[in-house]
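Read-outs: derived from the displayed coordinates by stated rules, not from any lab. Remember, it's a predicted structure, so these values are computed and weren't measured experimentally. Using ideal geometry, Cβ is built from the backbone for each residue, glycine included, and neighbour counts are taken over all protein chains shown.
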Amino acid sequence: MKKRLAAFGLMAVAALALAGCTDSAAGPTADPSDSADAGGGTTEEVRDVRVAALPIAESGALWAAIDEGIFEEYGLNVEVVPAQGGAQAIPALLSGDIDFAIGQPFGPIRADLQDLGVVIFSNYASSLTSGEDVNAVVALGDAGIAGPADLAGKRVAVNSLGAAGDLTIRKAVDDAGGDSSTIEFVEVAFPDAQAQLEAGNIDAAWVPDPFRGIVVGGGGVEVVAPYQATIPGLTVLTNFTTQAKIDEDPELVADYAAAMADALEFASQNEDAVRAAIATNLEIPEEAAAGIVLPDFTADLGSAGIEDLAALAVEYGYIDAEPDFSRLIQQQ
């Protein structure tokens, strides 16, 4: 089921780019007069919750759970707000524009070092330890890039500069005998990567599915899966909020965390529902969604690899010191 995604042309790429600019559908609203009890979530009224998430395949677990009514069972009406990356969502969290965010852990790591009060309270999805992984560096077939060492001296796109993407790429390149200090990293949103490759503006791009599959299925090459090459099983996305939100509305945080745990359990056991949600929300053909490599959906932070990522970031000078993990990571 984790076969490579077939190419489905420029129309699908345009649809994906459009999906990155629009809100995803929220789940059905529960009757405010009802009291819902779903393994710890008991409420007397529906609460609106705004959640930032990337318009990528991994968000299929969230979309599928909303469709299934899992958040509704906890009295939560979820509005999904598109974001380009976890770091970009943090200002919206701090301003109160959103309640929760799903993104890479690097933004929260930096936020903790600035004492901004951002807390990772749950994992969301982790990369795979073997086989095809959920993200990879890709290049066009005629680019002359066959392995990670070939990325030295090239322009490589990531969706967010100074985060887990370019950090793990650098480590993979150095481990392969290349010089990662000669790479020029540029920030390109995932849906725009293929167009930038074809225009010759970049030599390679780090992308998740379905964008990886579009390039590879069209004759491109997969250069390296940097998470798997450096920290196998590294978290792809985490759930985070602010310490202020935890202190001021602990019931909301507890209910959302419980609903999210149920959502991720549902996603791990109902792959077809996740793929259907991906096809609908990213506006791609069902056969394309069927070929996407899905991550390990899990709320457990125990083996997320965040500490290893922070240590690597210190080694490469991305941050000056490791964060205070006792306040940064608070499993709910």
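Tabulated values for the structure
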{"read-out": "Interatomic Cα distance distribution for region 102-173, bins of 10 angstrom, percent", "value": "15, 41, 29, 12, 2"}
{"read-out": "Backbone HN-Hα couplings from phi across region 300-306 [Karplus 6.51/-1.76/1.60, Hz, Gly and Pro as x]", "value": "6, 8, x, 10, 6, x, 5"}
{"read-out": "Residue among 162, 178, 96 with the largest mean-square fluctuation in a Gaussian network model of the chain, springs linking Cα atoms under 10 Å", "value": "96"}
{"read-out": "Option label - Cα extents along the principal axes in Å computed here, alternatives [x] 63, 45, 32; [y] 87, 37, 31; [z] 92, 46, 32", "value": "[x]"}
{"read-out": "Ranked 322, 251, criterion: other C-beta atoms within 10 Å, fewest first", "value": "251, 322"}
{"read-out": "Degrees between helix 271-281 axis and first principal axis of the chain (Cα, 0 to 90, nearest 10)", "value": "80 degrees"}
{"read-out": "Percent RCO, i.e. relative contact order, over the chain, from Cα pairs under 8 Å lying at least 6 residues apart", "value": "28 percent"}
{"read-out": "Along principal axes, Cα extents of region 135-230, largest first, whole Å", "value": "29, 25, 23"}
{"read-out": "Helix-only [θ]222 nm of the chain, DSSP H runs n ≥ 4, -39500 (n - 2.57) each, per residue, nearest 500", "value": "-10500 deg cm²/dmol"}
{"read-out": "Sorted largest first, extent of region 209-332 alpha carbons per principal axis (Å)", "value": "47, 38, 21"}
{"read-out": "Cβ-based exposure ranking for 185, 240, 100, in which fewest neighbours within 10 Å come first", "value": "185, 100, 240"}
{"read-out": "Segment residue 286-residue 201, extension gain: residue separation times 0.36 nm, minus the distance between their alpha carbons", "value": "27.5 nm"}
{"read-out": "Most mobile of 182, 241, 280 in a GNM of the chain (Cα contacts under 10 Å)", "value": "182"}
{"read-out": "Footprinting exposure proxy for 112, 324, 133 (fewest neighbouring C-beta atoms within 10 Å first)", "value": "324, 112, 133"}
{"read-out": "Label-point gap, in nm, between residue 331 and residue 247 - each point 7 angstrom along Cα→Cβ", "value": "2.5 nm"}
{"read-out": "Degrees, to the nearest 10: 250-269 long Cα axis against longest axis of the chain", "value": "60 degrees"}
{"read-out": "Using alpha-carbon coordinates, inclination of helix 9-19 to the longest axis of the chain, degrees", "value": "40 degrees"}
{"read-out": "Chain lengthening between residue 184 and residue 48 when straightened (0.36 nm per residue, less Cα-Cα)", "value": "44.8 nm"}
{"read-out": "Cβ-based net charge around residue 152, under 11 Å, with every Lys or Arg adding one and every Asp or Glu removing one", "value": "-3"}
